[in-house]
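See structure below.
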Amino acid sequence: MVQIEADVAIVAAGASGLAASVAAAQLGLKVVTLEKSSTTGGAANMGMGPLGIESRLTRAKQFQPTQDQAFEVFMNYVHWQADGRLVREHLNKSGETISWLESLGVVFSEPASYFPGSFPTWHIVQPESGHPGPTAAATMLRIMTQRAKELGVKLMLQTPATRLVKDGNRITGVIAETQSGDEIQVNAKAVIVATGGFGDNPKMIKKHTGFDWGRDLHTFRIPGLEGDGMRMAWEAGAMSTPMRMELSFGVADPMALGLEWLPLFHQPHLMLNLQGERFINEAEGNDSFKGNAIALQKDRVCFFVFDETIKNEMKSYLDFINLVIQTPNVANIDEMIQKAVDSKYPHLFVANSAEDLAAQTGMDPVGLGTQLAEYNGFCEHGYDEVFIKPQRYLRPVKQAPYYALQLYPAGYGSLGGIKINYKTEVLDKEWSPIPGLYASGTDACNIYGDTYVFQLPGNTMGFAITTGRMAAEHAAAYIKSLG
Ligand SMILES: Cc1cc2nc3c(=O)[nH]c(=O)nc-3n(C[C@H](O)[C@H](O)[C@H](O)COP(=O)(O)OP(=O)(O)OC[C@H]3O[C@@H](n4cnc5c(N)ncnc54)[C@H](O)[C@@H]3O)c2cc1C
């Protein structure tokens, strides 16, 4: 087997692995980075940017929150179901992470608040061309890749790591498979695992979270995120953590429906379950809360319902409660609906009456009739007695045709799997660090309790980059201690 020598081997070149690679090389270490895919960046290429608390950009504008406030908000939100020391390290170092990224050449647009009740922590990358928006972070990943190469990192694409090498209880390297199917061994004093979780592995999703991907869960599946790093770490004796999906809500097969629908189903119109009943204040701005609520309904599904009057109103006015798209606009909603109907998109229903809507969607007709009567009464009186939706969002649903779009728990990828401490050292089942083994990013991101912390946006990418840097720094100190 071909042997390659390194100080540190880094498993994956996504957001976290690239941060670890650049940071380790800056510390003078000889770095070999193994990446399964033919490109770098992982899921982060789809995103917009990381969190930064008290970053240079937020300080200049005296923006809140401070590190202390952010920590309190975070820990209260998760009910202390997280390692407080790890959270503190992540948040306190996040502002410096933004400066570090800027020093590599990344440019950020001004942080602002994007969700109701959220803090301006999201540092959205200014992409090479066009407006900051979806996929903007790809520019940052490209810059990080370039810097890693310039610093001498040996970056091996299409070379998935398969298992860790152990000498006694110490990790001494990693084995990977080359494109030709041969095995190679990277001998290293420390290994950092950052393979991005199991968002592309329905079996693991089912086993560890209970969701049935494609039926009651429609999260993004970024190819190659199959839980490899977690499996390797567990095989090497790592403790596991609770695992969850980074939940929000959305439609099945969003690309088939078209991304122009995104602002539409975020409007605060009726959301009904299979009993035909409301189950949430539809103006709730926290997408993760909505995802949680949908996941509690029968078959984990609900319907976003509007009528002809509301449809026509949306042509000229969208109440933008929750999105980052700069100019939400569904003025062409008639064409959007026609296109979905023509293409036989199976999750959109157009009905001539409430009874017809119930028959097409499977909603209970009696429940639907009762609910519409109650809701329309609330609209008339200007007060939602059940969920206290603000009056300005109370619009009656009574003018055929009726429209319904099926919504599911959806969102990003997985969260958690490998137990680390606040130094990103991987712990064994006795809570002792496994010498030489570090994990960062999604594989080790078990800090949100049962619900993603929507109030501090940019959190998962921020955690990935900051913990990648931390892993490099702690691995460097460990290597130095070996003499
Ligand atoms: C559509 C979308 C938008 C998002 N937007 C944001 C946002 O704006 N802000 C935010 O904070 N978060 C966002 N996220 C989440 C964010 O992208 C992740 O938190 C982040 O990418 C995690 O970094 P990571 O390095 O752990 O994993 P990734 O960036 O996914 O990288 C994992 C890497 O591991 C590689 N890999 C897998 N197995 C192996 C193996 N065996 N050997 C070698 N390599 C392997 C993969 O190919 C991949 O390159 C978004 C996610 C999605 C899907």
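Brief remarks follow.
- CD proxy at 222 nm, helix term only [per DSSP H run n ≥ 4: -39500 (n - 2.57); per residue of the chain; nearest 500]: -10500 deg cm²/dmol
- Count of Lys pairs (Cα-Cα under 17 Å; at least 8 positions apart or interchain) in the range 247-410: 5
- Computed from backbone phi, the HN-Hα couplings of the range 91-101 come to 5, 5, 8, 5, x, 5, 4, 5, 4, 4, 5 Hz, rounded to whole numbers (Karplus: 6.51 cos²θ - 1.76 cosθ + 1.60, θ = phi - 60°; Gly and Pro given as x).
- Theoretical FRET efficiency, 1/(1+(r/R0)^6), r = Cβ-Cβ of I388 and R56, R0 51 Å, to 0.05: 0.80
- For the pair E110 and E430, a Förster radius of 45 Å applied to the C-beta separation gives a FRET efficiency near 0.45, rounded to the nearest 0.05.
- Amide hydrogen neighbours beyond the local backbone of K389, cut-off 5 Å, H modeled: D384
- At most 12 other Cβ within 10 Å, DSSP loop - trypsin sites (Lys or Arg not before Pro), the range 187-249: none
- Here, the range 418-463 has an Rg and a Dmax of 12.0, 36 Å when only alpha carbons are counted.
- Sorted by Cβ neighbour density within 10 Å, fewest at the top, the residues L164, L104: L104, L164
- Descending principal axes extents, the range 1-111, alpha-carbon based, whole Å: 53, 33, 29
- Check: the chain dipole with +1 on Lys, Arg Cβ and -1 on Asp, Glu Cβ, in debye: 1240
- Dipole moment magnitude, nearest 20 debye, the range 331-483 about Cα centre, only Lys, Arg, Asp, Glu C-beta charged: 600
- Each Lys and Arg adds +1 at its Cβ and each Asp and Glu adds -1 at its Cβ; summed about the Cα centre, the range 247-410 shows a dipole of about 220 debye.
- Less than 5 angstrom separates the built amide H of L155 from those of T33, all sequence-distant by 5 or more or on a different chain.
- Cα pair count fraction exceeding 20 Å, expressed as % - the range 118-220: 66
- Computed lengthening from D356 to N329, 0.36 nm per intervening residue step minus Cα-Cα distance: 6.8 nm
- Over the chain, volume per residue of the alpha carbon convex hull, in Å³: 149
- Rg and Dmax [Cα atoms of the range 23-171; Å; Rg one decimal, Dmax integer]: 17.7, 53
- Selection from T97, I124, S113, by position along the positive dipole direction of the chain (Cβ): T97
- 27 Å Cα-Cα threshold exceeded, pairs from K149/K480; K93/K480; K149/K189; K36/K419; K93/K207: K93/K207
- Exposed-loop-free span, longest in the chain, where GluC sites (Glu not before Pro) count as exposed if DSSP calls them loop and at most 16 other C-beta atoms lie within 10 Å: 129-384
- Pairwise FRET efficiency - W80 versus K298, Cβ, R0 = 30 Å, nearest 0.05: 0.40
- Measuring how big the range 247-410 is from its alpha-carbon positions, Rg and Dmax come out at 14.5, 40 Å.
- Relative contact order (%) - the chain, alpha-carbon pairs under 8 angstrom, separation at least six: 24
- For the range 225-273 versus the range 46-93, the gap between their alpha-carbon centres in whole angstrom: 23
- Environment charge at T467 (Cβ cut-off 14 Å; Lys +1, Arg +1, Asp -1, Glu -1): 0
The numbers here are math on the coordinates, done by the rules we state, and not lab data. Note that the structure is a prediction, hence the values are computed from the model and not measured. Using ideal geometry, Cβ is built from the backbone for each residue, glycine included, and neighbour counts are taken over all protein chains shown.
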